[in-house]
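Encoded as structure tokens, the structure appears first; notes follow it.
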Amino acid sequence: MTSRTSADSRFDNGAPEEPALADGLRAGSEDAYEALISRYQQPVFNLVYRLLEDPGDASDVVQEVFLKVFRNVGSFRGTSSLRTWIYRIAVNEAHNHRRWFTRHRRNQVGLETEDDSARHWQEVLSDHSRSAFDLVSDAETRAIVEQALADVNPAFRAAVVLRDLEDMSYEEIAEVLQVSLGTVKSRILRGREALRRNLEGRVALGSGLEWAAQPAE
Amino acid sequence: MEFPIVSRKTLACWRAGRKLSAYADRSLAGAARESVTAHLAECGECAARAEKLVQAREMLRTLGHVKAPRELTTSLRIIASRERARRVSGNPLFDFEPLWMRMRNWMQPLALPFAGGIVSTLVLFSMLVPGYDVSVRAASPADVPTAFYTDPSVKTIAPFAFSSDELVVELAIDEQGRVVDYHLPNGPASAPLRRAIENSLLFTTFTPAMAFGQPTSGRVRLSFRRSHIEVRG
Ligand SMILES: [Zn+2]
């Protein structure tokens, strides 16, 4: 039941016919609702998953996001694209959830979370600076990168995730985050530098890795 | 304005630094790109910084997308169906008085024990949809002694139309009595039938399974059978 025969070719042909999709949602078209879910549930889930402190809550937050989208599509006026509008709702929901989470959990757990992550690192790494090539498995590398990303300040993390994992343009990110283009660039830079610092403690970057120093065109 | 941190803040380094994000993700072109490239060729510090940014980005991109759980689609369809109904009916009260509540109101004059669950539901169901009957069978987990386990049970169910003689739906019910997933053990169904089922599940509520006195998740099997009108005790 994950896939559906595309009887709704009006929305499903891959072309970004977002105005038609938004109109369909406003009119309560079943095909439009279905197309919205199939088009956006995966990217929205991924985005929310990366922005939350506890990715286990991602499904709940995604449901909130879609509920808000369905409820508010009537007031969506198309000055931004449907995609950036949905992402903006997702970023805000993740942010609200994180604030709630921080308020409610910090008092209860105290410093335990930090101890947990420290223990986690000891488990993942037996040795402080291994090169990326020494890492035994992809899963291990993945866990390291994921944790390094999770440790980046959420404001910078959102910009980096939108850029590097969702392939949004700087202009789109500015719309999603409601900040200036200059702030977007600066947040991406700072986010990547924080990520690099977090990775540096855990894998040896810049030594023996074959990634091109100068990205090819 | 957020300034990048560099150890030797020459003007050239500062200028290049502002463009390093775009340089690292290849969105810098033309003269701007050339000027950064020229600076990196003569400034080891900025070149090292750029290299690390590129590497951080490349590593990050290996993460790709986390796959959304399968049951999320079901949940989203249920939300969509409810919201669509709300929008189409144009009735904001729809939200607060879903079908099952109206059904309960109809039932009260009959003085049926609503909380009794399936028996009254069966009666109601056959009243609304003569020609079908429904039976519920739960699949208890084997690892909990039955004395400590009660299966999920149906509180309310909404009728829906189907054309085959029998339809079996297996449901996963979470500890709050919500449908988290469904499965058609007798093979795939057409898209319209699936939608009808999902719409019906929207109005179907359950009492969660109990294990050792705590609500827990469980599975339940509903079979809908086309039949002649039958009076059930
Ligand atoms: Zn420099």
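Values in this text are rule-based calculations from the coordinates and carry no lab data. Here the structure is a predicted model, which means the values were calculated and not measured. Cβ: placed from backbone, ideal geometry, glycine included. Neighbour counts: every protein chain shown.
Can you tell me, using C-alpha contacts under 8 Å and at least 6 residues apart, the relative contact order of region B:8-61 as a whole percent?
38
Just to confirm a number: summing +1 for Lys and Arg and -1 for Asp and Glu over residues other than A:LYS68 whose beta-carbon lies under 12 angstrom from that of A:LYS68, what do you get?
-1
How big, on average over all directions, is the shadow cast by the Cα convex hull of region A:161-200, in nm²?
Here the figure is 2.6 nm², rounded to one decimal.
Excluding B:VAL36 itself, calculate the net charge of residues whose Cβ lies under 11 Å from the Cβ of B:VAL36, where each Lys or Arg counts +1 and each Asp or Glu counts -1.
Around B:VAL36, the surrounding residues sum to +3.
Report Rg/Rh for region A:15-102, rounded to two decimals, where Rg is the Cα radius of gyration and Rh the Kirkwood radius.
Expressed as Rg/Rh, it is 0.98.
How big is region B:8-61 by Rg and Dmax over its Cα atoms, in Å?
So, for region B:8-61, Rg and Dmax equal 10.6, 32 Å respectively.
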